[in-house]
Amino acid sequence: MIEISNVNKSFPTKDGTVVALDNVELDIGKGDFVSIVGPSGCGKSTLMMCVAGLAQPSAGRITIENQQVTGPVTDVGIVFQDALLLDWRNVLDNVLFQIEMRGLPKADYRDRALALLKRVGLASFENKYPWELSGGMRQRVALCRALVHDPPLLLMDEPFGALDTLTRDQMNIDLLNLCEGGNKTVLFITHSISEAIFLSDRVIVMSQRPGRVVEDIRISFDEERKLDIRSIPRFVEYEKRIYHTFRKLGVLSG
Ligand SMILES: Nc1ncnc2c1ncn2[C@@H]1O[C@H](COP(=O)(O)OP(=O)(O)OP(=O)(O)O)[C@@H](O)[C@H]1O
Ligand SMILES: [Mg+2]
């Protein structure tokens, strides 16, 4: 689905060139849920912006379904750390904004938007305004907006970072449910090692800047993905392995 080949990204700044990404190589299969973890500033958001076509690599190449990314990718849903809702639109119209911007008939997507809102626990909130919602609710609306046009690809940059632990847990469950069936490819950026393992088929570990891929771990469980899976030995082993890598890299010490 996504091929990232030898991608470098540098930013010229007044203090010299900042090399954000160094020869990043990563292939993501159709239907895979792939998380990226790495220290702050290592280039995760930069990589996602390049995949979305919102930034161009300085060198290397990114293709999505064999098409080189040269400008903004359209058949995608994107969720950022902030919900970025429009304050003057109610919840339903915020979700349907995606449809309007694509020039699609809004009436055809109304039921789907309402069904998505229901699935994330916002059944009776469609007429509320963003300022009437909690942070977690706003982020759920953003998730529905990213999914309403049923994109094959979801790009998520630390979408749950600002949420409290319980809401975050709930969002993780909601996201797995929404992606059920395996017809969505997800590239998910997170600071949480546990969240990455819980959600993903693969966890990619990146080094400090300039970011490169240092580990690619396939995650699989015999058990169903419920929250208590986080205490089973296999889960803990994955966590240990990633922490060990961060210690080896010098990201963590002691
Ligand atoms: N537009 C820009 N101009 C100059 N430097 C930039 C720009 N965007 C990012 N950088 C630099 O590139 C590096 C990677 O930034 P990026 O935002 O991708 O990191 P990140 O891994 O997403 O960090 P975090 O986990 O804190 O979100 C940083 O050193 C940052 O200062
Ligand atoms: Mg970032």
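Rule-based calculations on the coordinates, nothing more; no lab input. None of the values given here were measured: they were computed from a predicted structure. Positions of Cβ are backbone-derived with ideal geometry, glycine not excepted, and every protein chain shown enters the neighbour counts.
Numerical summary
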| item | result |
| --- | --- |
| For the chain: relative contact order, % (alpha-carbon pairs under 8 angstrom, 6 or more apart) | 26 |
| Pairs of lysine residues in the chain - Cα separation under 21 Å, sequence separation of 8 or more or cross-chain | 13 |
| Placed amide H near residue 36: partners under 5 Å, 5+ positions off or other chain | 188, 189, 190, 204 |
| Under-5 Å amide H pairs with residue 214, H placed in peptide plane, nonlocal only | 205, 206, 207 |
| Cβ crowding within 10 Å averaged over residues, with 231-237, 61-67 ranked highest first | 61-67, 231-237 |
| Helical segments meeting 15 Å axial Cα length and Kyte-Doolittle -0.5 threshold in the chain (DSSP H) | 91-101, 135-147, 165-178 |
| Rounded to the nearest 20 debye, dipole of the chain from Cβ charges on Lys, Arg, Asp, Glu | 320 |
| Cα-based shape type of region 1-146, given that a ≥ b ≥ c are square roots of the gyration tensor eigenvalues and the cut on a/c is 1.5 | prolate |
| Most positive-pole-ward Cα, 99, 114, 85, against dipole of region 76-151 from beta carbon charges | 114 |
| Efficiency of FRET from Cβ geometry, residue 100 and residue 61, R₀ 30 Å, rounded to 0.05 | 0.35 |
| Relative exposure of 209, 247, 89, judged by other C-beta atoms within 10 Å (fewest first) | 247, 89, 209 |
| Highest-fluctuation residue, 102, 202, 119 considered, GNM on the chain with Cα pairs under 10 Å | 102 |
| Percent of C-alpha pairs per 10 Å bin, the chain, short to long | 7, 30, 34, 22, 6, 0 |
| Ranking of 18, 7 by count of other Cβ atoms within 10 Å, fewest first | 18, 7 |
| Kirkwood Rh in Å, taken over region 76-151 so that all alpha-carbon pairs contribute | 12.0 |
| In sequence order, calculated HN-Hα J values of region 194-209 (Karplus, 6.51, -1.76, 1.60; Hz; x Gly/Pro) | 5, 4, 4, 5, 4, 8, 9, 8, 9, 10, 9, 9, 10, 7, 4, 4 |
| Rounded, prolate or oblate (a/c below 1.5 giving rounded, otherwise prolate when a/b exceeds b/c) for region 126-183 by Cα gyration tensor | oblate |
